[in-house]
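> So that we are looking at the same thing, I have put the structure below in structure tokens.
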Amino acid sequence: MTEATEGDGWEVDPDDEQGAAVISMVGRQLKARREAMGLRVPELGEAMGYGEGLIYKVEAGKRIPRPEFLDKADEALEAGGLIKAMKSDVAEVRYPKKVRDLARMEARAIDVQWYGAHDIHGLLQTEGYMRALFEMRQPAYTPGEVDRVTAARLARQSVFAREPAPAFSFVLEEVTLRRPLGGRMVLRGQLERLLEIGQLRNVSLQVMPIDREEHAGVDGSITMLRFGDGTAVGRSPGVAAGRPIDDPKQLRVLELRYGMIRAQALTPRESRAFTEQLLGET
């Protein structure tokens, strides 16, 4: 049997109170079950195929276990599904807190509007493109951290399957679609993904050409989410120092800028044709 590495799983963010509380609870349950069976940590590690260091870390609430770890623990400790039942709670807190908060807002939104000054929205990215971005990050992520943030971003894309479906409007810069981050094949996959998402009836994709002489997006990216209760939240580097805002006056500034950006960009039909042309050139 091949022993899993002690680096399996993810570090607990000490600033994430909810996540730390969930993982501490999991660790206490695991330890209590192990001690009730009269097993020492090395014995449990051998039965599960994991190093004892990882067992200690999970029991101490310092490591977020992977789902297969909980499956093996449930079997080794004859827990009858009690440990497996914690997988759903662990699955949520495995993602960074700021990603969970964003995912909750996106799940509530009925309308999402976004302009990216130099990137592609996470909801539109392929897994390959995500990994390429995260692997370029400085200070560098560990391989485990790359896996974690990639899984978190992929999970957010479930919002496209929500019913009723929210309305999405995205405006992307041409230069972003030409830059081969991760290599040509990764870029090709990303362009294909954009064409696929653009076919959804609730999604509008537009491209801002490089040769535009007027551009309302010079102050940076814009994100706006509207909710069913009539409230909204927005964010842009050019307003309130980039902090999230919900003040109606400040939101109107973002709405004005975003409306002008959409008017200056290619139409959705023109953008699709342009993306197909780029794909043929890549």
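The values are calculated or read from the model by the stated rules, or taken from the named source; none is laboratory data. These figures come from a predicted structure and were not determined experimentally. Methodologically, a virtual Cβ is constructed for each residue, glycine included, from the backbone with ideal geometry; neighbour enumeration extends over all protein chains shown. Just the protein is used for accessible areas: all its heavy atoms, side chains included, with ligands, DNA and RNA removed. Shrake-Rupley method; radii C 1.70, N 1.55, O 1.52, S 1.80 Å.
> Per residue, what accessible area does the stretch 18-85 have, given a 1.4 Å probe and all protein chains present, in Å²?
Per-residue value: 48 Å².
> Please give the residues of the stretch 112-149, grouped as numeric ranges, whose backbone N is less than 11 Å from a label point set 7 Å along the Cα-to-Cβ vector of Phe160.
Under cut-off, by backbone N: 123-127.
> Computed from these coordinates, which is semi-axes √(5λ) of the Cα gyration tensor in Å: (1) 43, 21, 16; (2) 30, 20, 17; (3) 25, 20, 19?
(1)
> Among 273-282, 62-71, 230-239, how do they line up by average Cβ neighbours within 10 Å per residue, starting with the highest?
62-71, 230-239, 273-282
> Using the basic label-point model (7 angstrom from Cα toward the beta carbon), what is the Glu78 to Tyr56 distance in nanometres?
2.8
> Turning to a different aspect of this structure: Among Ala240, Pro14, Thr126, flag the residue with its Cα farthest along the positive direction of the charge dipole of the chain, charges on Cβ as +1 for Lys/Arg and -1 for Asp/Glu.
Of Ala240, Pro14, Thr126, it is Ala240.
> For the stretch 159-282, what is the relative contact order in percent, using Cα pairs closer than 8 Å and at least 6 residues apart in sequence?
Values: 144 pairs, mean separation 37.0, N = 124.
Reported relative contact order: 30 percent.
> Would you give the gap between the C-alpha center of the stretch 204-282 and the C-alpha center of the stretch 80-146, rounded to a whole Å?
22
> Further question: If I compute solvent accessible area with a 1.4 Å probe over the protein chains, what percent of it on the chain is carbon and sulfur?
Details: 7590 of 14750 Å².
Carbon with sulfur: 51 percent of the solvent-accessible area.
> Suppose every Lys and Arg Cβ carries +1 and every Asp and Glu Cβ carries -1, with no other charges. What dipole size does the chain come out with about its Cα centre, to the nearest 20 debye?
The calculated dipole for the chain is roughly 500 debye.
> Using a 10 angstrom cutoff on alpha carbons, build the Gaussian network for the chain and name the most mobile of Gln157, Gln18, Gln138.
Ranking Gln157, Gln18, Gln138 by mean-square fluctuation puts Gln138 first.
> Largest first and in whole Å, what are the equivalent-ellipsoid semi-axes of the stretch 185-265 based on the Cα gyration tensor, each being the root of 5 times an eigenvalue?
After diagonalising the Cα gyration tensor, the semi-axes are 25, 18, 12 Å.
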